[in-house]
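Readers should treat all values here as calculations from the given coordinates under stated rules, not as data from a laboratory. Since we're looking at a predicted model, the values are computed, not measured. Neighbour counts run over all protein chains shown; Cβ positions are idealised from the backbone, glycine included.
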Amino acid sequence: MLKTAWSSCYNHPLVEGHRFPMIKYDLIKEQLLYEAVLNETHFFEPGIANIAEIQLCHDKDYLNKLINQCLNAAEIRRIGFPLTQSLVDREFKIMQGTIDCCAHAIQYGAAMNIAGGTHHAFSDKGEGFCLLNDFAIATQILLKHKKASKIAIIDLDVHQGNGTASIFKKNSAVFTFSMHGKNNFPFKKEVSSLDIELADGIKDNEYLEKLEFGLKMVFEQPHLEFVFYQSGVDILETDKLGKLAISQEACTLRDKMVYESCIKMKIPVVTAMGGGYSSKISDIVNAHCNTFKVAIDTFF
Ligand SMILES: [Zn+2]
């Protein structure tokens, strides 16, 4: 069964006109139900992640400032959201969603968080709409409880997983792979275990070839036991921020390549949605729903 973390607070009413399309979290669920890809029993509402677990990854001072909302103006600008208590609460739920997904993935092979993939959050600062780093927190928990000895984080959002790369740069138990736009945010890149930079305007075939090479390197890692997959759909040609020219079909093939590698190697995978900024919300929702369909076809 494809367990999927979803909470009504994922669809947060940001200030009007803010460019981050949070409405997608409701629409993805509605579309999956409408098309009978999933039913209500597939969804679970996560609780609030506990501080001790978050501290396995995040700096105590930063967490205190976040919880007590005393980040300074520059720190809030870096995050890009108008920071409120409900947004902080929402982030803690998203973190727990990904943490819970790990147990479901170990049981069923795959699990999804409709939100998450907050890869720009560093240990001690938030950035680019990300307050806390869900994959990094869940990775630290898996390692601590010896649920996996080697973990890969595959980040195919168009933006580099800079926070993730920074958090694990000295941790040989974690292989971080980011394939992202060379000329896109963040403009100061961190060093992942493997970075593949994409030129503006790259098309389907070249993209998929580079992905094949990257996945080969990931799955050649000895003793790999768990995978996180950030399936951002801001690689699409319709995306306002992405600068790439990838079709919906190739985006779906991308997901298929990741999942087929996981199932072939019998490695559980947790997916989080990441970014997506196409002008038409239906382009975003379709691409994310396709990721669910491929996961179901592959694992169930
Ligand atoms: Zn992105």
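Assorted remarks:
- Calculated on C-alpha atoms, the gyration radius of the chain divided by its Kirkwood radius gives an Rg/Rh of 0.92.
- Dipole in debye (nearest 20) - the stretch 1-89, about Cα centre, beta carbon charges: Lys, Arg +1; Asp, Glu -1: 300 debye
- The chain: antiparallel DSSP beta bridges as a percent of all, rounded to 5: 5 percent
- Note on the stretch 155-300: Rg/Rh from Cα positions, Kirkwood definition for Rh, rounded to two decimals, is 0.94.
- Kirkwood Rh, angstrom, the stretch 177-235 [1 / mean 1/r, Cα pairs]: 12.7 Å
- Relative contact order of the stretch 3-299, taken over Cα pairs closer than 8 Å and 6 or more residues apart, is 19 percent.
- Stretching Lys210 away from Val191 to a fully extended chain increases their span by 5.0 nm, per 0.36 nm per residue minus the current alpha-carbon distance.
- Taken as Cα centroids, the stretch 77-119 and the stretch 207-271 sit 20 Å apart, rounded to the nearest whole angstrom.
- Extreme residue, positive dipole direction of the stretch 107-188, given options Ala121, Ile151, Pro186 (C-beta unit charges): Ile151
- Summing Cβ point charges (Lys, Arg +1; Asp, Glu -1) relative to the Cα centre of the chain gives a dipole of roughly 620 debye.
- Straight-line cross-link reach from Lys147 at under 18 Å between alpha-carbon atoms covers these lysines, not counting any fewer than eight positions away in the same chain: Lys266.
- Residues whose amide H comes within less than 5 Å of that of Ala5, counting only those at least five positions distant or on another chain, are Phe44, Met112, Asn113, Ile114 (H built at 1.01 Å from N in the peptide plane).
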